[in-house]
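Participant: Pasting a structure below so you can have a look.
The values are calculated or read from the model by the stated rules, or taken from the named source; none is laboratory data. Treat the numbers as computed from the prediction; the structure is a model and nothing was measured. Cβ placement follows ideal geometry from the backbone for every residue including glycine, while neighbour counts extend to all protein chains displayed.
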Amino acid sequence: RQIPEVRIVEVGPRDGLQSIQDTVPTETKIELIQRLRQAGLRSIELTSVVSPRKIPQLADCQEVLANPAIKRLIEDPEKLGLQLPVLTPNLKGLEIALSRGVKEVAVFISATERFSQANINCSIEGGLERARAVARKAIQAGVAVRGYVSCVFVDPYDGPTNPSSVLHCVQELLQIGCYEVSLGDTTGAGTPAKVATLLRYLEKNSIPLKRLAGHFHDTYGQAVANVLQAYICGIRVFDASVGGLGGCPFAPGAKGNVSTEDVVLMFQNAGIQTGVNLTELIATGDWINQQVRGSSDTLPSDYCIE
Ligand code: HMG
Ligand code: MG
């Protein structure tokens, strides 16, 4: 088995499902995680422990984490070669995650004020303060912390983002102990040119690219191109969602995450290892789309595999 050259962080069970209107049964969420693992994904964001009023779809996060099959994965992810982060916005979320034996959490802030208010009900600095408190306690408990900065290009309410705010947020998240910071193009407004400009700017300001990940939403069909551009610039970690599901209910108009199938297909056809079995992944995307959308229009996968 070859060592993957890029790491894909599958966010389907969290970002993918969080804004779906109809309640997805807990068993479907559990099966999704298991199928993704089966397809070779090694980093899977399991769920989020957030206000159930804000994200009703993931109100069953504790049931997901307590399920025996998931519990077995959570207990010793390292032994299984897995990373299984859970999104936690505050100490309450962290405490619940810790009580379920979670070994990795993700904190999230926005580089812009209005999305921060809409999403987590506080300012940029207030979000950093919460993230700092979560990271401190998580690290004390031996739990790894991943960070997200949202709206790196455009805020859905404020418009274009000031890159200096992205830099400040990334610096702070690294400083509080995040092992990696994912750059969230929440609105999907990024283009390859914007990606290259932002990454060059961050690198010039002493941010190591190996500590960054790309998190692209596909509102304008640019997400795969953005992944490729970020790869060309030196990024090796990409968040993606099976079936292209996803989106944040507080970013109106934004579409799903870049589809994991598209990312794996692109890298595979370029001879770049991802460690993911594309055929199984496509079957999983097909299945979850049937479950949540009642339809799937997948063509046979060998049409596009070179
Ligand atoms: P708040 O209203 O300021 O906080 O919310 P609060 O502390 O006053 O709590 C309000 C209620 O939520 C209380 O319940 C708390 O107990 C409960 P009530 O007394 O009203 O019944 N509560 C919680 N329940 C479960 N788990 C918790 C928790 N915390 C409080 N952890 C808060 C602040 C941050 C909690 C809220 O605004 C929230 O949950 N926001 C999260 C929204 C969210 O999940 N958005 C989507 C994820 S971010 C995203 O998609 C972007 C990303 O993909 C990257 C990108 O694309 O850019 C990561
Ligand atoms: Mg997202």
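Participant: Could you grab me the full set of residues in segment 207-232 that are polar (S, T, N, Q) and either at pLDDT below 95 or part of a helix (DSSP H, G or I) (or both)?
Facilitator: Asn226, Gln229, listed by residue number.
Residue-by-condition table, conditions (1) surrounded by fewer than 24 Cβ atoms within 10 Å (Cβ to Cβ); (2) modelled with pLDDT of 95 or more; (3) within 12 Å of the chain's Cα centre (by Cα):
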| position | (1), (2), (3) |
| --- | --- |
| Gly246 | no, no, yes |
| Asn257 | no, yes, yes |
| Phe267 | yes, yes, no |
| Asn277 | yes, yes, no |
| Glu280 | yes, yes, no |
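Participant: Of all residues in segment 42-63, which are within 16 Å of Ala106 (Cβ to Cβ) and either aliphatic (A, V, I, L, M) or within 16 Å of ligand 2 (Cβ to nearest atom) (or both)?
Facilitator: Selection gives Ser43, Ile44, Glu45, Leu46, Thr47, Ser48, Val49, Val50, Ile55, Leu58.
Participant: Out of segment 3-30, which residues are closer than 17 Å to Ser259 by Cβ, assigned to a helix (DSSP H, G or I) and not hydrophobic (A, V, I, L, M, F, W, C)?
Facilitator: Gly12, Pro13, Arg14, Asp15, Gly16, Gln18
Participant: Please work out if Ile235 is modelled with pLDDT of 95 or more, more than 30 Å from Pro56 (Cα to Cα), more than 15 Å from ligand 1 (Cβ to nearest atom) and among the β-branched types (Val, Ile, Thr).
Facilitator: The answer is yes for Ile235.
Participant: Here is a list of conditions, (1) of a type outside the set (Asp, Glu); (2) over 14 Å from Leu36 (Cα atoms); (3) in a helix (DSSP H, G or I), and Ile305 meets all of them except one; can you say which number that is?
Facilitator: Of everything listed in (1) of a type outside the set (Asp, Glu); (2) over 14 Å from Leu36 (Cα atoms); (3) in a helix (DSSP H, G or I), Ile305 misses just condition (3).
Participant: All but one of (1) within 16 Å of ligand 2 (Cβ to nearest atom); (2) surrounded by fewer than 24 Cβ atoms within 10 Å (Cβ to Cβ) hold for Leu174, so report the exception by its number.
Facilitator: (1)
Participant: Check segment 111-134 and report whether any residue there is away from ligand 2 (no atom under 16 Å from the Cβ) and closer than 29 Å to Gly40 by Cβ.
Facilitator: no
Participant: A follow-up question, please. What are the residue pairs meeting all of these: first residue in segment 88-104, first residue within 17 Å of Ile55 (Cα to Cα) and part of a helix (DSSP H, G or I), second residue among the hydroxyl-bearing types (Ser, Thr, Tyr) and within 16 Å of ligand 2 (Cβ to nearest atom), Cβ atoms under 9 Å, and 6 or more apart or on different chains?
Facilitator: Qualifying pairs under 9 Å: Gly93/Ser48; Leu94/Thr88; Ile96/Thr88; Ala97/Thr88.
Participant: If Gln21 meets every condition in (1) closer than 14 Å to Gly81 by Cα; (2) at pLDDT below 95 apart from one, which number is that one?
Facilitator: Gln21 satisfies all of (1) closer than 14 Å to Gly81 by Cα; (2) at pLDDT below 95 except (1).
Participant: If a residue must be surrounded by 21 or more Cβ atoms within 10 Å (Cβ to Cβ), aliphatic (A, V, I, L, M) and within 14 Å of Arg200 (Cβ to Cβ), how many such residues does segment 225-234 contain?
Facilitator: Summing the residues that are surrounded by 21 or more Cβ atoms within 10 Å (Cβ to Cβ), aliphatic (A, V, I, L, M) and within 14 Å of Arg200 (Cβ to Cβ) in segment 225-234 gives 1.
Participant: Name the single residue, out of those in segment 32-63 being assigned to a helix (DSSP H, G or I) and in contact (Cβ under 8 Å) with a residue 40 or more places away in the chain, that is nearest to ligand 1 (Cβ to nearest atom).
Facilitator: Out of the qualifying residues, it is Leu58.
Participant: Take the residues in segment 139-166 that are in contact with a Leu (Cβ under 9 Å, 6 or more places away or on another chain) and among the aromatic types (Phe, Trp, Tyr), then tell me which one is nearest to Gly93 (Cα to Cα).
Facilitator: Applying the filter and picking the extreme gives Tyr148.
Participant: Could you figure out which of (1) over 16 Å from Gly40 (Cβ atoms); (2) of a type outside the set (A, V, I, L, M); (3) in contact (Cβ under 8 Å) with a residue 24 or more places away in the chain isn't true of Glu280?
Facilitator: Of everything listed in (1) over 16 Å from Gly40 (Cβ atoms); (2) of a type outside the set (A, V, I, L, M); (3) in contact (Cβ under 8 Å) with a residue 24 or more places away in the chain, Glu280 misses just condition (1).
Participant: Report the residue count in segment 233-252 for those that are farther than 26 Å from Arg35 by Cβ and in a helix (DSSP H, G or I).
Facilitator: The total comes to 1.
Participant: Check Gly188 against each of (1) buried (at least 24 other Cβ atoms within 10 Å of the Cβ); (2) part of a helix (DSSP H, G or I); (3) in contact with a strand residue (DSSP E or B) (Cβ under 7 Å, 6 or more places away or on another chain); (4) not basic (Lys, Arg) and name the one condition it does not meet.
Facilitator: Going through the list (1) buried (at least 24 other Cβ atoms within 10 Å of the Cβ); (2) part of a helix (DSSP H, G or I); (3) in contact with a strand residue (DSSP E or B) (Cβ under 7 Å, 6 or more places away or on another chain); (4) not basic (Lys, Arg), Gly188 breaks only (2).
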